[in-house]
Amino acid sequence: MTATVAAPDKTRRLVFPFTAIVGQAEMKLALLLNVIDPKIGGVMIMGDRGTGKSTTIRALADLLPEIDVVAGDPFNSDPQDPELMSDEIREQIAQDLPITITQKKVPMVDLPLGATEDRVCGTIDIEKALSEGVKAFEPGLLAKANRGILYVDEVNLLDDHLVDVLLDSAASGWNTVEREGISIRHPARFVLVGSGNPEEGELRPQLLDRFGMHAEIHTVKEPNLRVQIVEQRAAFDQEPQLFSQKYQQEQIELQEQLIQAQKVLPEVYLDYELRLKISQVCSELDVDGLRGDIVTNRAAKALAAFEYRAVVTVDDIRRVITLCLRHRLRKDPLESIDSGYKVQKVFDRVFGLES
């Protein structure tokens with residue numbers, strides 16, 4: 001037995017519209033593809049300060065359609081998908097107990113730099129567990145981020161161990177907390193978005209490789225575009241309601257496009273010959289492991305789905321391959337050539353596009 005209630009209509013602070021963001025096409029594409037297929041494995045965004053990284057990610061979370069959740073459940077459990085349910089909700093459904101379904105915005109969780117592992121993963125109250133015989137679990141940020149976006153600003157300044165924990169959860173879709181022989185796990189499937197400034201140091205290669213895509217963003221140099229960005233920001237700050245209304249139709253259309261893309265994604269076909277060439281590019285670039293091949297395949301399919309196409313084209317692969325591979329190349333300190341240029345050069349040769 002299932003009841004449905006509408007989410008309370010709260011007056012919420014307006015967020016800068018995603019469709020109003022000027023430039024930074026690479027970052028926007030990487031984020032949209034990860035929303036269509038979260039199994040791509042998240043995005044690492046590297047770029048200068050003040051280039052709109054946080055603004056874009058908040059705008060994306062705000063753009064996404066509301067999701068069905070089980071009311072009162074701290075894990076945003078999906079009432080239909082057992083893979084995205086907490087154990088309690090799964091038991092309730094197995095026993096035919098009534099659950100209440102409500103709708104809420106896709107969660108967007110900001111991970112503070114000083115966060116402890118307990119704050120991220122959650123804690124088990126050992127005393128309560130031993131005295132009352134119940135698994136007293138206090139959910140952390142990973143529980144809150146389930147079915148949403150987890151954003152880590154300055155990820156390169158985060159403790160390596162914590163980055164590992166985040167990447168493990170993002171890859172497996174589960175978070176497990178173990179204390180004194182008591183073990184609790186819950187779904188933690190989210191799009192992991194990390195951002196950082198290269199001046200503050202690079203992420204270790206073995207951690208960087210775990211991010212599905214790597215977008216590089218730079219400060220806009222074109223004076224006309226800079227003026228446009230400044231004016232838009234001023235207009236939004238002055239009249240957020242009015243500014244947002246101007247982009248409402250575009251926001252609705254993009255939201256609809258994302259919903260459709262998620263529906264058609266399982267049907268998208270990637271030809272064997274193209275898959276072979278993707279692997280050849282990875283091999284020639286000396287990419288360790290097979291993660292690069294897998295992510296490029298997924299991203300190319302997500303792009304085709306986003307543009308309502310059932311078959312992946314060479315152009316789809318061209319548009320995503322740099323995002324998927326540039327951070328997996330071995331760094332040569334004497335090499336002055338940009339890694340993105342290197343990927344495109346090998347891609348052109350393998351796919352026979354050299355002029």
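Numbers below:
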quantity: The chain: angle of helix 223-238 to the longest principal axis, Cα-based, in degrees nearest 10; calculated: 20 degrees
quantity: Check: the chain dipole with +1 on Lys, Arg Cβ and -1 on Asp, Glu Cβ, in debye; calculated: 720 debye
quantity: Label point at GLU91 placed 7 Å out along Cα→Cβ; residues across region 173-207 whose backbone nitrogen lies under 13 Å; calculated: 184-185
quantity: Unit Cα scatterers, Debye sum, region 19-178: log10 I(q)/I(0) for q = 0.08, 0.09, 0.11, 0.20 Å⁻¹; calculated: -0.28, -0.35, -0.52, -1.43
quantity: Cross-link pairs LYS105/LYS301; LYS104/LYS342; LYS105/LYS246 - those with Cα-Cα distance over 32 Å; calculated: LYS104/LYS342
quantity: FRET efficiency, 1/(1 + (r/R0)^6) with R0 25 Å, evaluated for ASP271 and TYR341 via beta carbons; calculated: 0.40
quantity: Cβ-derived FRET efficiency at R0 25 Å, GLN228 paired with ARG318, nearest 0.05; calculated: 0.35
quantity: Nearest-0.05 FRET efficiency for GLU199 and LEU242, computed from C-beta distance (R0 51 Å); calculated: 0.85
quantity: Rounded to 10°, Cα long-axis angle of helix 272-284 versus longest principal axis of the chain; calculated: 80 degrees
quantity: Farthest toward positive dipole pole in the chain [+1 Lys/Arg, -1 Asp/Glu at C-beta], among PRO65, PHE306, VAL191; calculated: PHE306
quantity: Point-to-point label distance, GLN280-HIS161, nm (Cα→Cβ direction, 7 Å offset); calculated: 4.7 nm
quantity: Label-point gap, in nm, between GLU66 and ASP348 - each point 7 angstrom along Cα→Cβ; calculated: 5.0 nm
quantity: Residues of type aspartates and glutamates that LYS277 reaches as a straight line, Cα spacing below 17 Å, ignoring anything fewer than 8 places off in the same chain; calculated: ASP286, ASP288, ASP293, ASP315, ASP316, ASP348, GLU354
quantity: Gyration tensor (Cα) of the chain, equivalent ellipsoid semi-axes in angstrom; calculated: 34, 26, 22
quantity: Using alpha-carbon coordinates, inclination of helix 248-264 to the longest axis of the chain, degrees; calculated: 80 degrees
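Throughout, read-outs are computed from the coordinates displayed, never taken from laboratory work. All values reported here derive from a predicted model rather than from experimental measurement. Heads up, the Cβs are rebuilt from the backbone with ideal geometry, glycines too, and the neighbour counts pull from every protein chain shown.
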